[in-house]
Amino acid sequence: MSTAVTTSLPRTRRLRGTLADRPVLVLSAVFVLFYLVTGILDPSLFSTGGLRSVLLLACPLALFAAGQTIAFLTGGIDLSVTMTANVAAYVAATQSGAGPLQAITLALVVGAAAGLLNGVGVGVFRVHPLIMTIGMSSVLLGIVSVGLASGGFLTGPAVVPPLLTTLGGGTLVGPVPMNVVVWAGASVVLLLGLVRTGLGRTIYAVGDNPTACRLSGVKVWQVLIATYVIVGILAAVAGLLISGSSGSVGPSQTNSFLLPSIAAAVIGGTSILGGSGGYAGTILGALVLTVLNRLLLTLGAGQAVQQIVYGAIVLTLAWVYVAVSGQRTD
Amino acid sequence: MSTDALLAARGVAKAYGSVVALRSADLTVGAGEAHALLGANGAGKSTFVKALTGVIRRDRGTITMAGEPVELRSPAEGYERGIAAVFQDPALIPDLTVRHNLRLTGTDPGAVRQELAGLGIEGIEIDERVADIPLPFLRMLDLARALVHRPRLLVLDEITAALPADLAEKVFTAMARQTRTGGSVLFISHRLEEVIEHCDMCTVFRDGHDVARFAPQEGREARIVQSMLGDRVEAEVAAERSRRNVADGVTPRLEVEGLSAGDLLRDVSLTVRPGEVVGLVALEGQGQDALFETLAGDRRPRAGSIRVEGRPLTARHPAAAIRRGIALVPADRTLALLPKRSIRENIALPSRARPARWGPISRRREDRSVNRAVERLSIDTRAAAQARRLSGGNQQKLTIGRWLAEGFRTLLLFDPTRGIDIGTKRQIYDLVREIADSGAAVLMYTSELREIELVCDRALVLHRGEIVAELPADAGEEALLNAAHGLHRDEVTTG
Amino acid sequence: MTTPTPQLTTMPAPTSRAARFRQQHGWVVGVAVLLAAMILVRYLQVERFGGFELRALTAGTLMLALLAMAQGVVVLSGGINLAVGALMVLANCFSAWLMEDASVATCLVIALATVVGTAVVSGLMGWLVTVSGMPDIVVTLALHFVFVGVALLILGGPGGGTNPDFSRMVVGGYSDPLPSLLWLVAVFLLVWVPFRRSRAGIATYAVGSDRQAAFLAGIVVARARVQAYVLSGVFAGLAGIATTASLGSGSPQESIALGALLGSVAAVVLGGVALAGGRGGLLGPVLAAFVLTLIPAILLSAGANPNVAVLLEGLIIIGVVMLGGLLELRRRKQ
């Protein structure tokens, strides 16, 4: 059972070795570089307010990307995260009358339920995750539409609970927005969970070789359901934070996060084929992409140029990663 | 048999990054010669063959055919230069029909049919989907396709592995015909008896280069093995096993009655007692795959019963069998290994399977059990970070190590030494005997008949989905093979 | 010549003609039957089921059907093309930009140039996938951004135009269902079917079924994959032209590209093409495209709340896909 590894070019092998083993270092360097360049063009970025604005946007993206990372690790993907986030935000806002804790809990339950359905589709019915989550996305959109129509269950006063406004939009200290606290908590759980818990191990294992897992007694469908439920909850949290920071809910608030969430996980070095990678790289991927967005805005580039550059950079970084690590997909 | 060289390879080398697969290999095949290429796993055989046939590019070295240099970029180019290769995995597209497959390589279906008839193979329909044709016949089809091109050099890369004896005979017939008409054969195999019987010369590889070239009839197995292993090897002695005390009154660990599953397994009954190693012998495709899958809980039986330690077992998932102490080591390592994960994760996999074990991991406890398994099996941990970097032998040991760490009471081994070098094979034989001595029940299917005598206490023979004979371990290869063919049905001796 | 040794190992009985037909075409027949049933329902629903209704169906499905083919050919080769929607939008905007106030002849030339352009661009994308070794999901995703961006550059917002005669030629007048249907059939019969029968077409399936075996059989795998992307670009470009003709303008919107992409994937899966590659054809996805267009129409006419219709559409897609998954599971267990 040998996998052909392409021969790496003979020059600067030690440098490449370091790069291959520690993509986090490369990404940190890229992040700092982008930040500096942007800051030179717009010095306000170096102020507390500037840094805060970057972090404020990076956190929800990092949460969506966290979900993608975990889905990638099992060899899947989740295109319904932004819709889940939307629904969760709506639920919290329309239920805020019953108290913030209840509203938030209900929103999280909704996120978990969406993830549960995804997990059942992927794990039990063996539907390809791309399709299942696309379908789920449609269904969730439909649910929102139905709910928002006259007489629907999402009409009525939609007030974002103050707790969320604080958590989503408030500031902890100086340049650190409150949502970093939420994100930090989630990150610690994720980083430790993936590496130090049995579930984390099985997530990697299922993405690497589901047959081996089955023969070792792992019920793959259980792991997949757990995975997508976690992704759903993360998406719900992200949605809540977004509604908190904007102070309102809207049907397409979260849409712009979908493709970047995938990009962040890819740039961070988690293979879309499963079995390798992790959240640390994704965090930096999210930071890099957020600063990149800011850079493009600062450069006054129109939306068109922004999109083109965004795509080109994602492509370049992904290519660099493949070239350095030598892990081709063919 | 002329002495002019048809194929001359000099100094062929290939490295994958920092891993040197082939240091510098020389090989010469004369015209009209059947030449065997032998070597342990990791010696560089398969890399050499891939470089020769154009599957990969070599780093250094020259290869000439009848004096003219050869630079192949793909196996198809080889056809034009007179080299045709048949690999263990047939180069046939599963979802396409045979006809479309032949169209892809520009091979005339009529000519292929003729070749198949010449080999005495019947039953292959040209509009049948390749996925619906069993592997042994696909190999023969691939062979026929190669023969159509009338190659000067026919390369057979381990195609007799897992091939039923009657089809293997046809391969040898084709080989003989090839050399008789002036062509040559490069024959790669782990089966030394075949090499000795059918090949004129052989070259042995070790550590990435050629170390010996001689006629296999002179020196036979001993000399071959010596060259492969590189040091004086004690003559292979059937293990002196102390008669294991397998008392008759003990409750059998595993009792199977009237088991029927899949297409091929009809009606199997057997028992395995604690402390004994029961060997299973069968030709390819007699139902042994289904038997092991069912015992391991990976497949539901159609009829019959399985009892473990006296209590019935109905498993819908391997987890149920594992809970009853049954462990399966499959032949195909791609089924059992997590290629991108570390040795530790591979070994600890079953211990994390149940949701109850999904919580935080106690590093220290895991260290202990993992290290114990690694030590006991002498697994080479240099490539510890990713299991796919391990050699075949180490990978197999890793699979066994997983169960050593997890614990088991019944061990199912499916052709555990397939494609593994001699050194590791010996280690595995010793390990299996140790395991049985410590009280486990072992059921081992092997395609290498001599392993029965080396490792097992008795042998069951499976034919057409039923157990047709039970023979003592020292019954001899001929008796076993006869029984495996379904001959001498009435010769059933109790062990 | 010595008689060959007796053969003891036997081949299983060959699959019967009927079983083979069911294996290969079963799903497509199912979709065709479903489509026929749905057309029947629609016929019963609508008071005057005539040219207008049919035209709405054929012209309304033309884009999705072509996109389904664009996605299908890459999926058959074992990959996926997340940029088909964006390519369509790009073709749409480019052609609408140029076709404004142009004559019919000029429009035809522009259309041809656009399709050639998208084919080349898509081919380059495929080349990038093979040369870099990156997963195609990543490459096509990144280029999805780029293509939409380029479309935005060309047309700052919805704009452009086309020649009304050209429009009529492609999608027919308000009650003429024939042109759009004929174009679809023509593209299918004149582009896809010859390709599928050719050695290049078989190579596409081979690469999708078992890449390693394809290589060993002598196929230049990279070339086969790039060819699939080129063909994909042709179909996506045609879809863009169809949109230009149908809407009479260009719309450089990300949401359109994303929606088109999702629709193409849904049609491919509903059309019975295995996402793993190597199995299926393009007839299924084309028929599935019609099915997908009919679902909202039928639901709305049945009096469903439009929002409920959207919800039901999603549920139906998931339902069918789960059913497909179940059937695939059962097939594999045998």
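The values are calculated or read from the model by the stated rules, or taken from the named source; none is laboratory data. The structure presented is a predicted model; accordingly, all values stated were derived computationally and were not measured. Cβ placement follows ideal geometry from the backbone for every residue including glycine, while neighbour counts extend to all protein chains displayed.
Here are the numbers:
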{"quantity": "Among residues of the range A:115-135, those that are at pLDDT 90 or above, surrounded by 24 or more Cβ atoms within 10 Å (Cβ to Cβ) and of a type in the set (A, V, I, L, M), counted", "calculated": "1"}
{"quantity": "Those residues of the range B:354-397 which are away from every other protein chain (no Cβ under 11 Å), part of a helix (DSSP H, G or I) and aliphatic (A, V, I, L, M), in sequence order", "calculated": "B:VAL370, B:ALA373, B:VAL374, B:LEU377, B:ALA383"}
{"quantity": "Close pairs from the range C:29-40: first under 12 Å from C:LEU283 (Cβ atoms), partner among the β-branched types (Val, Ile, Thr) and buried (at least 17 other Cβ atoms within 10 Å of the Cβ), Cβ under 9 Å, at least 6 apart", "calculated": "C:VAL31/C:VAL291; C:LEU35/C:VAL291"}
{"quantity": "Qualifying residue in the range C:258-265 (condition: more than 12 Å from the chain's Cα centre (by Cα), surrounded by fewer than 23 Cβ atoms within 10 Å (Cβ to Cβ) and part of a helix (DSSP H, G or I))", "calculated": "yes"}
{"quantity": "Of all residues making up the range B:464-479, the number that are within 16 Å of B:LEU270 (Cβ to Cβ) and either touching a Ser or Thr at 6+ places or on another chain (Cβ under 7 Å) or modelled with pLDDT under 85 (or both)", "calculated": "5"}
{"quantity": "Number of positions in the range B:281-293 that are touching a Gly at 6+ places or on another chain (Cβ under 8 Å) and of a type in the set (S, T, N, Q)", "calculated": "1"}
{"quantity": "Subset of the range B:336-346 that is part of a helix (DSSP H, G or I) and over 24 Å from the mean Cα position of the chain (by Cα) - its residue that is surrounded by the fewest Cβ atoms within 10 Å (Cβ to Cβ)", "calculated": "B:GLU345"}
{"quantity": "Extreme residue, modelled with the lowest pLDDT, among residues of the range C:313-326 that are surrounded by 14 or more Cβ atoms within 10 Å (Cβ to Cβ) and more than 7 Å from chain A (Cβ to nearest Cβ)", "calculated": "C:GLY324"}
{"quantity": "Any hit, the range A:249-256, residues being within 23 Å of A:MET132 (Cα to Cα) and within 14 Å of chain B (Cβ to nearest Cβ)", "calculated": "no"}
{"quantity": "Matching option when the condition is modelled with pLDDT of 85 or more, in a helix (DSSP H, G or I) and within 24 Å of the chain's Cα centre (by Cα), among B:LEU431, B:LEU349", "calculated": "B:LEU431"}
{"quantity": "A:THR211 being touching a Ser or Thr at 6+ places or on another chain (Cβ under 7 Å) and at negative phi", "calculated": "no"}
{"quantity": "All positions within the range B:58-74 that are within 9 Å of another protein chain (Cβ to nearest Cβ) and either touching a residue at least 40 places away in the same chain (Cβ under 8 Å) or part of a strand (DSSP E or B) (or both)", "calculated": "B:ASP59"}
{"quantity": "Tally of residues being of a type in the set (Gly, Ala, Ser) and surrounded by 20 or more Cβ atoms within 10 Å (Cβ to Cβ) across the range C:99-131", "calculated": "4"}
{"quantity": "Failed item, numbered, when B:ARG145 is tested on (1) at pLDDT below 90; (2) facing chain C (nearest Cβ under 10 Å)", "calculated": "(1)"}
{"quantity": "In the range A:117-166, the residues that are polar (S, T, N, Q), in a helix (DSSP H, G or I) and over 19 Å from A:PHE72 (Cα atoms)", "calculated": "A:SER138, A:SER145, A:THR165, A:THR166"}
{"quantity": "All positions within the range C:296-307 that are crowded, with 19+ Cβ neighbours inside 10 Å and facing chain A (nearest Cβ under 7 Å)", "calculated": "C:ASN307"}
{"quantity": "Long-range neighbours under 8 Å by Cβ, at least six apart or interchain, first residue at positive phi within the range B:296-314, second β-branched (Val, Ile, Thr)", "calculated": "B:GLY297/B:ILE322; B:GLY297/B:ILE326; B:GLY304/B:VAL256; B:GLY304/B:VAL268; B:GLU309/B:THR251; B:GLY310/B:THR251"}
{"quantity": "Counted residues, the range B:146-165 - those being in a helix (DSSP H, G or I) and surrounded by fewer than 20 Cβ atoms within 10 Å (Cβ to Cβ)", "calculated": "1"}
{"quantity": "Number of positions in the range B:148-178 that are within 11 Å of chain C (Cβ to nearest Cβ) and on the phi > 0 side of the Ramachandran plot", "calculated": "0"}
{"quantity": "Tally of residues being buried (at least 17 other Cβ atoms within 10 Å of the Cβ) and either in contact with a Ser or Thr (Cβ under 7 Å, 6 or more places away or on another chain) or modelled with pLDDT under 90 (or both) across the range C:177-214", "calculated": "8"}
{"quantity": "Test: residue in the range A:103-113 that is part of a helix (DSSP H, G or I), within 13 Å of another protein chain (Cβ to nearest Cβ) and β-branched (Val, Ile, Thr)", "calculated": "no"}
{"quantity": "Residue match in the range A:292-300 (condition: within 19 Å of C:VAL148 (Cα to Cα), assigned to a loop (DSSP other than H, G, I, E, B) and more than 10 Å from chain C (Cβ to nearest Cβ))", "calculated": "yes"}
{"quantity": "Matching option when the condition is within 14 Å of chain C (Cβ to nearest Cβ) and among the acidic types (Asp, Glu), among B:GLU77, B:GLU33", "calculated": "B:GLU77"}
{"quantity": "Which listed residue, of B:ARG139, B:ARG113, is crowded, with 21+ Cβ neighbours inside 10 Å, among the charged types (D, E, K, R) and either more than 8 Å from chain C (Cβ to nearest Cβ) or out of contact with any helix residue (DSSP H, G or I) (no Cβ under 9 Å at 6 or more places or on another chain) (or both)", "calculated": "B:ARG139"}
{"quantity": "Subset of the range C:131-150 [within 7 Å of another protein chain (Cβ to nearest Cβ) and either hydroxyl-bearing (Ser, Thr, Tyr) or not in a helix (DSSP H, G or I) (or both)]", "calculated": "C:SER132, C:GLY133, C:MET134, C:PRO135"}
{"quantity": "Count of residues meeting criterion [part of a helix (DSSP H, G or I) and modelled with pLDDT under 90] in the range A:263-287", "calculated": "3"}
{"quantity": "Residue that is nearest to the other protein chains (Cβ to nearest Cβ), among those in the range B:84-108 that are in contact with a Gly (Cβ under 8 Å, 6 or more places away or on another chain) and not in a loop (DSSP other than H, G, I, E, B)", "calculated": "B:LEU104"}
{"quantity": "Every residue from the range A:260-300 that is closer than 13 Å to A:VAL24 by Cβ and not hydrophobic (A, V, I, L, M, F, W, C)", "calculated": "A:GLY268, A:GLY269, A:THR270, A:GLY277, A:GLY278, A:TYR279, A:GLY281, A:THR282, A:GLY285"}
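Here is a yes/no grid of residues against (1) of a type in the set (Val, Ile, Thr); (2) more than 21 Å from B:LEU141 (Cβ to Cβ); (3) touching a His at 6+ places or on another chain (Cβ under 8 Å):
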residue: B:GLY32; (1), (2), (3): no, yes, no
residue: B:GLY67; (1), (2), (3): no, yes, no
residue: B:SER74; (1), (2), (3): no, no, no
residue: B:ILE93; (1), (2), (3): yes, no, yes
residue: B:ARG99; (1), (2), (3): no, no, no
residue: B:ILE121; (1), (2), (3): yes, no, no
